[in-house]
1. Would you confirm, using the coordinates I've provided, whether A86 is modelled with pLDDT under 90 and either among the aromatic types (F, W, Y) or part of a helix (DSSP H, G or I) (or both)?
2. Regarding region 52-64, can at least one residue be identified that is modelled with pLDDT of 90 or more and under 17 Å from L122 (Cβ atoms)?
3. I'd like to check something: does region 67-81 contain any residue that is part of a strand (DSSP E or B) and either basic (K, R) or at pLDDT below 90 (or both)?
4. Output yes when any residue across region 28-41 is at pLDDT below 90, over 15 Å from the mean Cα position of the chain (by Cα) and either of a type in the set (G, A, S) or exposed (fewer than 14 other Cβ atoms within 10 Å of the Cβ) (or both), and no when none is.
5. Tell me the residue from T46, T25 that is surrounded by fewer than 16 Cβ atoms within 10 Å (Cβ to Cβ), of a type in the set (S, T, Y) and at pLDDT 90 or above, please.
6. Checking the structure you have, find out if any residue of region 122-140 is modelled with pLDDT of 90 or more, at negative phi and aromatic (F, W, Y).
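The values are calculated or read from the model by the stated rules, or taken from the named source; none is laboratory data. Quick caveat: nothing in here was measured; it's all calculated off a predicted structure. Ideal geometry is used to build each Cβ from the backbone, glycine not excepted, and the neighbour counts take in all protein chains shown.
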Amino acid sequence: MSRANPKIRNFAERLVVFEAAGPETFGTKVPTAFEGYEKLRPQLVTLMGNGGYRALLSRALALAKAEVPRLQTVRVNEDGALEGLAELHAQLKPDEFLESSVILLTQMLGLMVAFIGENLTLRLMHEVWPKVPINDLDFEIKGKNEKAK
């Protein structure tokens, strides 16, 4: 059972479905459901550096592994890329694979909201996925430096 904010999970699901419905990226080694991490990486590396991005993704992965033990085959490499996705993809049914991606992205978004705030998180999401509507989102997580709407 996920302890993540349901609104964050809903948004993560929306992003994963959006990515999965898009065209296959030719020559990519990353299964489609997990391509969002690669799209998000440049903005986060710019914000927090490669080490910060790896730490954020590693923590999100550790939290997701508690929910989905099959994610044990996945790891974050030195460059900040996810490894072991092909093995995971081969082990799971398509809906289970998508669900694993949703859970990992939910954890990552939750950490981003906690560390950099809801406003900056949403701004980064809009930069990466401009076609995914975000104007209906309010994660209801307010840091001490963020004012309520």
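1. Criteria met by A86.
2. In the first step, residues of region 52-64 are kept if they are modelled with pLDDT of 90 or more; the result is 52-64.
From what is left, the residues that are under 17 Å from L122 (Cβ atoms) are 56.
Scanning region 52-64, I find at least one residue that is modelled with pLDDT of 90 or more and under 17 Å from L122 (Cβ atoms), so the answer is yes.
3. yes
4. Among the residues of region 28-41, at least one is at pLDDT below 90, over 15 Å from the mean Cα position of the chain (by Cα) and either of a type in the set (G, A, S) or exposed (fewer than 14 other Cβ atoms within 10 Å of the Cβ) (or both), which makes the answer yes.
5. Details: T25 fails: at pLDDT 90 or above.
Result: T46 is the single residue among T46, T25 that is surrounded by fewer than 16 Cβ atoms within 10 Å (Cβ to Cβ), of a type in the set (S, T, Y) and at pLDDT 90 or above.
6. The answer is no, given that none of the residues of region 122-140 is modelled with pLDDT of 90 or more, at negative phi and aromatic (F, W, Y).
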